[in-house]
Each structure stands twice: as structure tokens, then as C-alpha cells.
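> Encoded as C-alpha cells, here's the structure I'll be asking about.
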Amino acid sequence: MDKRYFASVQLRSGSLIRSSKEYFEAYQQVVAALPHSAIERAIVELLRAYEEEKTVFVFGNGGSAALASHFVCDLGKGTVIGNNGHKRFRAMALTDNLPLITAWANDSCYEEIFAEQIENFVTAGDLAFAISGSGNSPNVLRALQVARDAHATTIGLTGFKGGRIKSLCDVCVTIPSDNMQIIEDLHLSVAHAMFSVIRQRISESVAVQPLAARAAAD
């Protein structure tokens, strides 16, 4: 690798990582400072969307695009528990329709690839879940603005100091790090934490429903 590569890594990551031990020591420091209150608020909003049968739109670029698809998979399939099969998360990853993304990018501009998709579906009370390591991706910001204009709830998952995404979000979970790789690692961990809590709360709700029905019959 040439020196320019290492210089770019240093600029992007805040400091050079010379060993796996250094990486995970930095990782542990960020884990200890995670914004749990914001994560819990995001969980509450996601559960609200589920209970009200509103649609959750998830989107991001690069690694964040992969996480958008992953998170929608968890929400859409992983929360189907026992007797709640009739009620499911209405979740859509705006990263999954590649022909539509390239059509908007080619015929309009890349900044509109998520905004134009969300424009087709979003209604008041829906939830736009934006993932951006920097918090400054123009296409993510544009989609959030469309969601806000439609009176949807907006959630951001970001890093560094939050970026411009903070001003467009009702809830913003900011990973307190300037290392993009650690930010992306913890974006996945936060998404899994939110999914795990949501699944447990739905499971507890499903378990209570038969008891309530029997009590009403007595």
C-alpha cells in the first residue's frame, strides 16, 4: 500500500489503527458512551409505527444501504411471533430496487433517489429511518425533508457530531466516534439492539393477549 492510502485512512478514521487490539480498545470506549436514551426513543417510535400499522422506510448509502436492507429483514420477518402473524411490520428498504434507483439517478440526479421513492408512499404518521455515518449525505437529507413535509416521524442513525441530519430528525442516534469503521460496526449493533428489544416487547404483548381474552370470557 502506498503512503497516500495510509494518509487517507488516518484522515477518515481520526487516528491510525496499528493493531486489532487498538481497534477494539477504541471500540470499547465508544460502546461505553452510546446514547441509550436516544436509542430507547427510537425503539418507542418504531413500536408506535408497528402498533398503528404505519410504514417504516429505511435508507442509506454504501454500508448504510446494506444495513437498511438488513434492518428491514429483521423487522419484517424477525418480529413475526406466534399469534401476531396477522399483524406485521410494514417496512421497506429504499435501497433494494436497483432499477428504480438507477432510473432516478440517471433521469434526475443521485440526490433524489430516496426522496422520489418515499414520495410515492409516505403518509402522516409513517416513519423515515435514515442511516448516514457522516449525517451529511444529500440524498438522505432530501428524503428526510420529504418525510417531514408529509408529517412522518424521522429517525437518524449517524456518527461523528451528527451532521446536518440532526436538524431533520425527531430522534437522532449519534455514535460518538470519528472512526467510520467503528461507527458502521455500532450502527449494526444498535439496529440489532433495537430489533431485539422490539421483538421481546411484541412477544410479551402476544403472550398477554390470550390471558386477556380468557379473562374477558369468564
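Coordinate-derived values only; no laboratory data. Here the structure is a predicted model, which means the values were calculated and not measured. Cβ atoms come from the backbone with ideal geometry, glycine included; neighbour counts cover every protein chain shown.
> Using Cα pairs closer than 8 Å and at least 6 residues apart in sequence, work out the relative contact order for the chain, in percent.
22 percent.
> Around residue 156, under 13 Å between beta carbons, what's the net of Lys plus Arg minus Asp minus Glu among the other residues?
Net local charge, residue 156 excluded: +3.
> Report the full-extension gain for the segment residue 98 to residue 189: residue separation times 0.36 nm, less the Cα-Cα distance, to one decimal in nm.
30.2 nm
> OK, next. Under the 0.36 nm per residue contour assumption, what length would be gained going from the current alpha-carbon distance of residue 36 and residue 166 to full extension?
Residue separation times 0.36 nm, minus the Cα-Cα distance, leaves 45.2 nm.
> Next up: Treating only the Cβ atoms of Lys and Arg (+1) and Asp and Glu (-1) as charged, compute the dipole magnitude of the chain about its Cα centre; round to the nearest 20 debye.
420 debye
> Let me ask something additional. Which loop-located trypsin sites (Lys or Arg not before Pro) does the range 122-174 contain, where loop means any DSSP state but H, G, I, E or B and the Cβ has at most 11 other Cβ atoms within 10 Å?
Those satisfying the criteria are 161.
> With a sphere of radius 13 Å drawn around the Cβ of residue 126, what net charge do the other residues whose Cβ falls strictly inside it have (Lys, Arg +1; Asp, Glu -1)?
-2
> Is the C-alpha gyration tensor of the chain telling us rounded, prolate or oblate? Criteria: a/c under 1.5 is rounded; beyond that, a/b larger than b/c is prolate, otherwise oblate.
oblate
> In degrees, nearest 10, range 0 to 90: what is the angle between the Cα axis of helix 63-78 and the longest Cα principal axis of the chain?
Helix 63-78 sits at roughly 20 degrees to that axis.
> Could you work out the helix-only [θ] at 222 nm for the chain, with each DSSP H run of four or more residues adding -39,500 (n - 2.57) and the total divided by the number of residues, to the nearest 500 deg cm²/dmol?
Here the helix-only value at 222 nm equals -18500 deg cm²/dmol.
> Here's something else I'd like to know. Whose amide H sits under 5 Å from the amide H of residue 58, counting only residues 5 or more places off or on another chain, with H placed in the peptide plane?
Those qualifying (amide H under 5 Å, at least 5 residues apart or on another chain) are 92, 93, 94, 129.
> Follow-up question, since we're still on this one. Can you give the local net charge around residue 109? Use residues other than it whose beta-carbon is closer than 13 angstrom to its beta-carbon, Lys and Arg +1, Asp and Glu -1.
Every neighbour counted, the sum reads -3.
> Specify which residue in the list 113, 135, 150 is farthest towards the positive end of the charge dipole of the range 104-152, using unit charges on the beta carbon of Lys, Arg (+1) and Asp, Glu (-1), about the Cα centre.
Final value for the positive-end residue is 135.
> Right, next: I need the calculated FRET efficiency for the pair residue 123 and residue 24, taking r as the beta carbon distance and R₀ as 45 Å, to the nearest 0.05.
0.55
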